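Below is one structure; the comments refer to it alone.
The values are calculated or read from the model by the stated rules, or taken from the named source; none is laboratory data. Everything quoted here is computed from the prediction, not taken from an experiment. Ideal geometry is used to build each Cβ from the backbone, glycine not excepted, and the neighbour counts take in all protein chains shown.
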Amino acid sequence: MASAPPLIGIVGWKNSGKTTLIERLVVALTRHGLKVATVKHTHHELRAHDGSTDGERHARAGAIQTAVIAPSQWELAGEVQAMPPPPLEELAQPLGPTDLVLVEGYKSAAIAKIEVRRRAPTTREGLAPGDERIIAIAADHVIEGNALPVFALDDIEGIAAFVLKAAGLQRT
């Protein structure tokens, strides 16, 4: 049996740029020959496809498979599934053969994660100080006093290289 692909989370508070970062990473990683799938966790119910849902955005960016997990239902490749969603660690099988799974949301998941931060006014603190599984930060501003690697949010190639290394994958 093939081993499950590595999962790398992209986490942050609402409107921090998680979906946009995943889109850009999918493009960069597929350009390096990787088959990338995505999982999106949402606290809202699934909505009708209109070309702008996060799952559609992931697919347009080049994800070979997408799953969107909502509170009471889930979809795979844009199709609502009849059964309950599997736990995150068991999603590899329905996603099919893939080299890497980028996971949006799932802030408390027991996987390696990159935190996305924006300068925009917020009353929320960064997630990294309270989560030892956050392995890097991608931000649109300078982050000081932090021991983790920090990337400019627009440094997609740098973040992609870090993801490859963190996932134990090689560029092609």
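If you go through segment 38-57 and pick out every residue that is of a type in the set (A, V, I, L, M, F, W, C) and over 22 Å from V27 (Cα atoms), you end up with 2. Would you pick out the residues in segment 101-152 that are over 23 Å from H43 (Cβ atoms) and of a type in the set (S, T, N, Q)? Passing the criteria: only N146. Restricting attention to segment 69-76, does a residue exist that is in contact with a helix residue (DSSP H, G or I) (Cβ under 9 Å, 6 or more places away or on another chain) and either at positive phi or surrounded by fewer than 19 Cβ atoms within 10 Å (Cβ to Cβ) (or both)? Within segment 69-76 (the criterion being in contact with a helix residue (DSSP H, G or I) (Cβ under 9 Å, 6 or more places away or on another chain) and either at positive phi or surrounded by fewer than 19 Cβ atoms within 10 Å (Cβ to Cβ) (or both)), the answer is no, since none of the residues qualifies.
Listed conditions (1) touching a strand residue (DSSP E or B) at 6+ places or on another chain (Cβ under 8 Å); (2) at pLDDT 95 or above; (3) over 27 Å from P84 (Cβ atoms) are all met by V11, apart from (3).
So that you can scan it fast, the table gives a plain yes or no per residue for (1) in contact with a Ser or Thr (Cβ under 9 Å, 6 or more places away or on another chain); (2) β-branched (V, I, T); (3) in a loop (DSSP other than H, G, I, E, B):
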| residue | (1), (2), (3) |
| --- | --- |
| I10 | yes, yes, no |
| T20 | no, yes, no |
| K40 | yes, no, no |
| H44 | no, no, yes |
| P71 | yes, no, yes |
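Q65 fulfils the conditions (1) out of contact with any Asp or Glu (no Cβ under 9 Å at 6 or more places or on another chain); (2) closer than 20 Å to A166 by Cα; (3) touching a residue at least 24 places away in the same chain (Cβ under 8 Å) except for a single criterion, (2). Among the residues of segment 75-92, those identified as over 15 Å from E56 (Cβ atoms) and either assigned to a loop (DSSP other than H, G, I, E, B) or free of Cβ contacts under 8 Å to residues at least 60 places away in the same chain (or both) are Q81, A82, M83, P84, P85, P86, P87, E90, L91.
Inclusion of A138 among residues that are surrounded by fewer than 18 Cβ atoms within 10 Å (Cβ to Cβ) and hydrophobic (A, V, I, L, M, F, W, C) is not warranted.
The residues of segment 141-172 that are part of a helix (DSSP H, G or I), touching a Leu at 6+ places or on another chain (Cβ under 8 Å) and either among the β-branched types (V, I, T) or loosely packed, with under 15 Cβ neighbours inside 10 Å (or both), listed by number, are I156, I159, V163.
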